[in-house]
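Read through the structure below, which is laid out as structure tokens, and then see the notes.
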Amino acid sequence: WSESWLRVVFTHELTHFVQLGMDRGPFAAASKLFGADVAMGSAIFLPGWMVEGAAVNLETLLTRGGRGRSALFELYAKAPVLEGDLFSLRQAGYDSAFPPEGRIYVAGHVLLDHVLTEYGPDALARIMEAYLRFPFFGPWAAIEKVTGKKASAVYADMVQALATTPGALPLLQF
């Protein structure tokens with residue numbers, strides 16, 4: 001991990017707190033009446049890759065460690081690409097007992113890195129802003145609004161980029 005695993009864990013969990021506690025939308029409004037924890041209610045409509053991807057990316061970017069610098073974590077992403085058996089976007093939304101271990105972390109890191117690279121460093125913030133306005137059907141309309149493409153097309157672009165240049169995974173590149 002790093003010389004300070006505690007810094008990595010703190011950064012990861014703080015990212016969750018900030019991302020999921022954004023003071024926007026109907027859950028934020030309800031939190032004024034029912035308490036601050038209600039603001040995080042919008043998280044139940046987010047796929048796992050979107051929640052964990054942001055945290056893994058920031059734990060890597062803001063510390064000297066993080067999973068994005070781990071050779072083992074890199075293998076969890078590279079192996080399915082090289083085997084031509086990468087999980088689907090739907091499968092990236094939940095974890096599984098089947099390989100790769102920690103799929104929501106791997107998918108989140110790779111997919112969000114692709115989104116940030118292709119659509120700008122503030123793309124996730126713009127997606128979250130749009131999503132929080134009406135979170136009840138998930139982030140799919142917000143992803144399309146920000147990228148101009150359906151989430152499935154963004155995912156397909158990422159898979160294509162990874163398949164054509166397997167060494168270009170956003171891992172160990174810092």
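Of the residues making up the stretch 12-29, those that are farther than 19 Å from Ala55 by Cβ, open to solvent by 30 Å² or more (accessible area, probe 1.4 Å) and of a type in the set (A, V, I, L, M, F, W, C) are Phe27, Ala29. Residues in the stretch 69-85: is at least one of a type in the set (D, E, K, R), surrounded by 19 or more Cβ atoms within 10 Å (Cβ to Cβ) and modelled with pLDDT of 85 or more? Yes - at least one qualifying residue is present in the stretch 69-85.
The residue that is modelled with the lowest pLDDT, among those in the stretch 87-105 that are of a type outside the set (S, T, N, Q) and open to solvent by less than 40 Å² (accessible area, probe 1.4 Å), is Pro100.
Mind listing whichever residues of the stretch 30-47 are in contact with a Ser or Thr (Cβ under 6 Å, 6 or more places away or on another chain) and crowded, with 22+ Cβ neighbours inside 10 Å? Outline the logic, then answer.
Here is the first cut: in the stretch 30-47, the residues in contact with a Ser or Thr (Cβ under 6 Å, 6 or more places away or on another chain) are 38-39.
Scanning the stretch 30-47 gives a single hit, Ala39.
The single condition among (1) closer than 13 Å to Pro135 by Cβ; (2) crowded, with 19+ Cβ neighbours inside 10 Å that Glu59 does not meet is (1). For the stretch 15-40, the set of residues classified as without any contact (Cβ under 8 Å) to a residue 24 or more places away in the chain and closer than 21 Å to Gly93 by Cα consists of Phe17, Val18, Gly21, Met40, listed by residue number.
So which of Ser42, Ser31 is of a type in the set (S, T, N, Q) and farther than 27 Å from Val154 by Cβ? Walk me through it before giving the result.
On the way: Ser42 fails: farther than 27 Å from Val154 by Cβ.
Only one candidate qualifies: Ser31.
Counting only residues that are small (Gly, Ala, Ser) and closer than 23 Å to Thr11 by Cβ, the stretch 68-109 holds 8 of them.
Just to be sure, is Met50 on the phi < 0 side of the Ramachandran plot and open to solvent by less than 30 Å² (accessible area, probe 1.4 Å)? The answer is yes for Met50. For the stretch 115-135, residues that are open to solvent by 20 Å² or more (accessible area, probe 1.4 Å) and either under 19 Å from Leu89 (Cα atoms) or of a type in the set (Lys, Arg) (or both) total 7. Of all residue pairs spaced 6 or more apart or on separate chains, none has beta-carbon atoms under 6 Å together with a first member in the stretch 152-174 that is more than 23 Å from Leu58 (Cα to Cα) and a second member that is of a type in the set (S, T, N, Q) and modelled with pLDDT under 90. The lone criterion from (1) surrounded by 21 or more Cβ atoms within 10 Å (Cβ to Cβ); (2) on the phi > 0 side of the Ramachandran plot left unmet by Gly148 is number (1).
The values are calculated or read from the model by the stated rules, or taken from the named source; none is laboratory data. In this text, all values refer to a predicted model and were calculated from it rather than measured experimentally. Every residue, glycine as well, gets a Cβ built from its backbone with ideal geometry; the counts of neighbours run over all protein chains shown. Heavy atoms of the whole protein, side chains included, go into the accessibility calculation; ligands, DNA and RNA do not. Shrake-Rupley method; radii C 1.70, N 1.55, O 1.52, S 1.80 Å.
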